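Asker: Input: one structure, supplied below.
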Amino acid sequence: MFTELATRLTGSANLLHQMFKTPNDLDSTVSKIKGLEHEADNLTHDIIDRIDRTFVTPFDREDIHELASELDDVIDLIDGAARRAQIFRIQRTRPAAVVLAEVLSRAGTTVEEGVRNMKNAKRVYGVSEKLKVLEEEGDAVYHQAMGALFAEGGDVLEVIKWKDLYDKLEDALDRCEDVGNVLQSIALKNA
């Protein structure tokens, strides 16, 4: 079920990247992301429900709950970014948003790899390190984008919109790193 949840994360991150590359089909893409977010919510609920009904779990109940919650949180942030883009009616995108969404897409793929290989501590450690590097890459893009946004000035509403969108993308990247930390903790406990 964790793998199913991770595939929803990867799918939504890929759609978000596509949306920022070509925002002309915003409503359709946001709807697809919302669908994946809804599926992820159901999977998270099922995982937590199974914790309550299972006497013996494959690893600590707290770890199961934390991993499911962290994965769901990333998807919620991706959905939040997409919905904000729709609410803000973005018609043109900014190059930094495309780059941030691309880094987030790579982080989603990396999270999925980590979840698929949860039982292989060496692979999980590698994934965790890769997520840290991706988060740092995203931070660099984020800081540069925010600096440019405020240096350029211009329409105040546009500045507010893009600041919020950049914040959501960066928050999602931070949460991907958090997933890597949870996976690493689980791998360490079960090695």
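Asker: Restricting to Cα pairs below 8 Å that are 6+ residues apart, what does the relative contact order work out to for the range 37-153? Please round to a whole percent.
Answerer: Normalised by residue count, the contact order of the range 37-153 is 22 percent.
Asker: Describe numerically, in nm with one decimal, the distance between label points set 7 Å from Cα along Cα→Cβ at LYS34 and at ASP60.
Answerer: 3.8 nm
Asker: Provide the FRET efficiency to the nearest 0.05 for the ASP52-ALA151 pair, computing r from the beta carbons and using R0 = 41 Å.
Answerer: E between ASP52 and ALA151, to the nearest 0.05, is 0.20.
Asker: When the helix-only estimate is applied to the chain (DSSP H runs of n ≥ 4, each -39,500 (n - 2.57), divided by the residue count), what is the mean residue ellipticity at 222 nm, nearest 500 deg cm²/dmol?
Answerer: Rounded to the nearest 500, it is -30500 deg cm²/dmol.
Asker: Then there's this: Please list, by residue number, every one of the trypsin sites (Lys or Arg not before Pro) in the range 73-163 that is coil in DSSP and has at most 15 other beta-carbon atoms within 10 Å.
Answerer: Sparse-neighbourhood loop trypsin sites (Lys or Arg not before Pro): ARG89, ARG92, LYS119.
Asker: Give the calculated FRET efficiency between LYS132 and ARG84 to the nearest 0.05, with a Förster radius of 35 Å applied to their Cβ-Cβ distance.
Answerer: Working: r = 26 Å, r/R0 = 0.76.
So the FRET efficiency works out to roughly 0.85.
Asker: By count of other Cβ within 10 Å, fewest leading, how are VAL99, VAL156, VAL124 ordered?
Answerer: Least to most surrounded, the residues fall as VAL156, VAL99, VAL124.
Asker: For the range 1-101, which chymotrypsin sites (Phe, Trp or Tyr not before Pro) pass both filters: DSSP loop (anything but H, G, I, E, B) and at most 13 other C-beta atoms within 10 Å?
Answerer: Working: sites: PHE2, PHE20, PHE55, PHE59, PHE88; in loops: PHE55, PHE59, PHE88.
Counting only loop positions with at most 13 other Cβ atoms within 10 Å, the chymotrypsin sites (Phe, Trp or Tyr not before Pro) in the range 1-101 are PHE55.
Asker: While we're here: Taking loop as defined by DSSP and a crowding limit of 12 other beta carbons within 10 Å, which chymotrypsin sites (Phe, Trp or Tyr not before Pro) in the range 102-176 fit?
Answerer: none
Here, each number is a calculation from the coordinates, and none is a lab measurement. Just so we're clear, the structure is a prediction, and the values are computed from it rather than from any experiment. Please note: Cβ atoms are built from the backbone with ideal geometry, for glycine as well, and neighbour counts cover all protein chains shown.
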